[in-house]
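Participant: Pasting a structure here, questions to come.
The values are calculated or read from the model by the stated rules, or taken from the named source; none is laboratory data. Quantities reported herein were computed from a predicted structural model and do not represent experimental measurements. Every residue, glycine among them, receives a Cβ derived from its backbone with ideal geometry; neighbour counts consider all protein chains shown.
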Amino acid sequence: MDYLIAVGECLQRGNSGETRENVIKALEVGVSHQEILNHMLEVMEVVGRKFKKNELFVPEVLIIGRAFNVALEVISPLLAVEEKYLGTVVIGAVKGDLHDIGKNLVKMLMVGTGVRVIDLGVDVPAAKFVEAIKTYEPDIVAMSSLLTTTMIQVSKTIKEIQKAGLRDKVKIIIGGAPVTNNYAKNIGSDFYAIDAGTAAEIVREYIQKNS
Ligand code: B12
């Protein structure tokens with residue numbers, strides 16, 4: 001029985017229990033935790049692509065993400081700190097915005113690229129983003145806005161990051177249904193992504209080039 005292949009198959013089906021069991025069995029027969037993680041990341045890359053092409057839908061991706069997190073809990077203690085993450089992303093829905101389904105999908109697919117994602121949650125004031133940049137020193141800050149009325153908060157947050165002298169230290173990616181590429185450019189964001197799959201691709205590319 002190839003437990004590594006089974007990990008990938010169960011993960012793709014979103015079966016948390018079986019994914020976890022097969023991760024444990026794979027470790028028992030001597031597959032390295034790094035090999036298991038790499039295989040899981042490959043699966044998440046496929047998931048991201050399928051989601052982008054509408055071959056997978058929101059509930060399926062959420063279930064797969066849960067299975068990924070359950071399996072990750074088994075291998076995280078085995079990963080040495082320095083090999084644990086390729087980079088760090090701080091993510092949040094801006095002040096006044098309580099929508100988090102899309103943000104959580106973006107977060108999950110970003111985790112699937114091998115980066116650490118610090119989730120500040122919803123209704124995040126600019127000051128909290130600034131504080132998080134100081135604390136976690138992320139490579140990228142990701143902001144979500146689902147309301148036309150909260151789009152202005154994305155712009156305000158970028159200004160606050162600038163005021164705090166931290167703009168050169170991070171790249172910024174923004175998204176959410178009312179946000180557009182033009183808006184992103186106008187307010188000085190580095191990147192915009194229309195969906196979670198594209199966001200993960202952008203992060204993967206950026207981190208790989210700069211790590
Ligand atoms: C679910 C929902 C809610 C839920 C949210 C639950 C939750 N936990 O998220 C609840 C009921 C709380 C809610 C409340 C409200 N909502 Co609402 N809501 C929706 C709804 C139906 C779905 C949103 C959603 O989750 N979509 C699915 C996800 C997967 O898609 P997504 O969020 O767009 O995310 C994708 C991309 O945008 C992108 N993305 C998202 N975030 C990010 C971040 C980054 C960094 C990147 C790169 C990409 C990215 O990737 C995601 C995945 O591919 C939409 C309508 C719609 N069909 O979109 C209205 C909608 C967004 N809501 C709306 C409104 C008006 C409200 C309320 C003001 C209603 C009210 N009068 O109280 C409140 C505001 C609450 C607040 N302060 O935020 C309007 C917004 C109109 C506008 N343009 O401003 C919409 C469009 C409905 C409508 N047609 O009128 N809502």
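Participant: Quick check on this structure: which one of LEU62, LEU72, LEU78, LEU56 is more than 16 Å from the ligand (Cβ to nearest atom) and under 23 Å from ILE202 (Cα atoms)?
Facilitator: On the way: LEU62 fails: more than 16 Å from the ligand (Cβ to nearest atom); LEU78 fails: under 23 Å from ILE202 (Cα atoms); LEU56 fails: more than 16 Å from the ligand (Cβ to nearest atom).
Selected residue: LEU72, the only one of LEU62, LEU72, LEU78, LEU56 that is more than 16 Å from the ligand (Cβ to nearest atom) and under 23 Å from ILE202 (Cα atoms).
Participant: Are any residues in the stretch 75-127 closer than 23 Å to GLN12 by Cβ and among the β-branched types (Val, Ile, Thr), and if so, which ones?
Facilitator: ILE75, ILE101, VAL106, VAL111, THR113, VAL115, VAL117
Participant: Out of LEU72, LEU56, which single residue is in a loop (DSSP other than H, G, I, E, B), crowded, with 16+ Cβ neighbours inside 10 Å and not assigned by TED's automatic domain parsing to the domain that holds ILE174?
Facilitator: Details: LEU72 fails: in a loop (DSSP other than H, G, I, E, B).
It is LEU56.
Participant: From ASN181, ASN104, which residue is within 13 Å of the ligand (Cβ to nearest atom) and in contact with an Asp or Glu (Cβ under 9 Å, 6 or more places away or on another chain)?
Facilitator: Numbers: ASN181 fails: in contact with an Asp or Glu (Cβ under 9 Å, 6 or more places away or on another chain).
The conditions single out ASN104.
Participant: Can you name the condition, by its number, that VAL47 falls short on among (1) part of a helix (DSSP H, G or I); (2) over 14 Å from ALA196 (Cα atoms); (3) of a type in the set (A, V, I, L, M, F, W, C); (4) touching a residue at least 12 places away in the same chain (Cβ under 8 Å)?
Facilitator: (2)
Participant: Before we move on, is ALA142 part of a loop (DSSP other than H, G, I, E, B), hydrophobic (A, V, I, L, M, F, W, C) and not assigned by TED's automatic domain parsing to the domain that holds MET40? It would help to see each step written out before you state the result.
Facilitator: Working: part of a loop (DSSP other than H, G, I, E, B): no; hydrophobic (A, V, I, L, M, F, W, C): yes; not assigned by TED's automatic domain parsing to the domain that holds MET40: yes.
Against the criterion (part of a loop (DSSP other than H, G, I, E, B), hydrophobic (A, V, I, L, M, F, W, C) and not assigned by TED's automatic domain parsing to the domain that holds MET40), ALA142 does not qualify.
Participant: Now for a separate question. Report every pair of residues separated by at least 6 positions or lying on different chains whose Cβ atoms are under 7 Å apart, first residue within the stretch 19-40 and part of a helix (DSSP H, G or I), second small (Gly, Ala, Ser).
Facilitator: Listed pairs, sorted by first residue: THR19/ALA67; THR19/ALA71; ARG20/ALA71; ASN22/ALA6; VAL23/ALA71; ILE36/ALA26; HIS39/GLY8; MET40/ALA71.
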